[in-house]
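Presented below is the structure to which this report refers.
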Amino acid sequence: MKRPLVITLNVLSWTAILVYLLLSSRYTRERKQQRPCREVRVVVLDSAERGFITPAMVRGWFASEKIPLVGRELSSINTLELERFVRRRGYVRSARVYASIDGVLTIEIAQRKPVMRFNTDDGYNFYVTDDGYVLPQQRQFSCYVPIVTGRFELPFPRDYVGPLDSLAGGGEKKVEKNYLFLAKLINFVKFVGYDDFWNAFIVQIRVNGADPQTEGEPQVEIVPRAGDQVIALGGIDAYEQKLDKLMSFYRKAVLYEGWDRYRYVNLKYKDQIVCVK
């Protein structure tokens, strides 16, 4: 067979395959669009790790807004609009909505991941997530993350739900100051959470009143998981150096005097540690 004939046959074959695929795809798409939605399937991808969102809750969101899905033709359902509707819920990090040819509408959701919980002295409880989002605590589920307690000014109202970054540069000096302290505190808690030793060692982080020597910045204490010891960091700045100093103290002094010999360890002074028995 001559070479030009072979090339022609190959071109015709691939053209036929391409036409078939295009027609088949169009036929499948048209059939899917004409089908009614017979089922809404909700998949929470990380439900084994976190339980803030359940499939029943998602269905409840649509019911409360009177958005019917089952029975509607798939062609009349705007999946992008449904994704935007679901993502407006604070605990939803991402959402994907798609329909299959058998009439099943699938909603896939990934949840935000809290990295710390705040429990202030005036009874305000909220989470901060790994992507810097403020979320209210839910009654039906608790996440085991480091706890921050105490009394301090926050740069947002009690009912705020949203990203912390939107609070930066607001123009008000007091709000800006509170935001900067909270941002530093969050960085400290993240540092603790990502370090295997400190994450296992520290059970609570407490914020106390301001110290005039630090221009009014709140003072921070940490409480170990074992024993009755309290460790004062002072201001939140230079926390890595302070924790290194504490580690050196445990490796040397405590080795000879015992873990619980001192009930209060103060790290806020430069190049020294003050202990109270």
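Quick notes
- Among 131-140, 83-92, 184-193, the peptide with the highest mean count of other Cβ atoms within 10 Å heads the list, and the full ranking is 184-193, 83-92, 131-140.
- For the pair residue 54 and residue 237 in one chain, pulling the backbone fully straight at 0.36 nm per residue adds 61.9 nm over the alpha carbon distance.
- Ordering of 106-118, 264-276, 57-69 by burial proxy (mean other Cβ atoms within 10 Å per residue, highest first): 106-118, 264-276, 57-69
- The residue list 126, 40, 92 was ranked by how far each Cα lies along the charge dipole of the range 22-158 toward its positive end, using unit charges on Cβ atoms, and 40 comes out on top.
- Close amide H pairs (under 5 Å, H built 1.01 Å from N) link residue 116 with 128, residues at least 5 positions away or on another chain.
- Of 184/242; 177/245; 245/270, pairs whose Cα-Cα distance is over 20 Å: 177/245
Each reported figure results from applying straightforward, stated rules to the coordinates on display, with no laboratory input. Being a predicted model, the structure only gives us computed values, none of them experimental. Quick reminder, even Gly has a Cβ in these numbers, built from the backbone with ideal geometry, and neighbours come from all protein chains shown.
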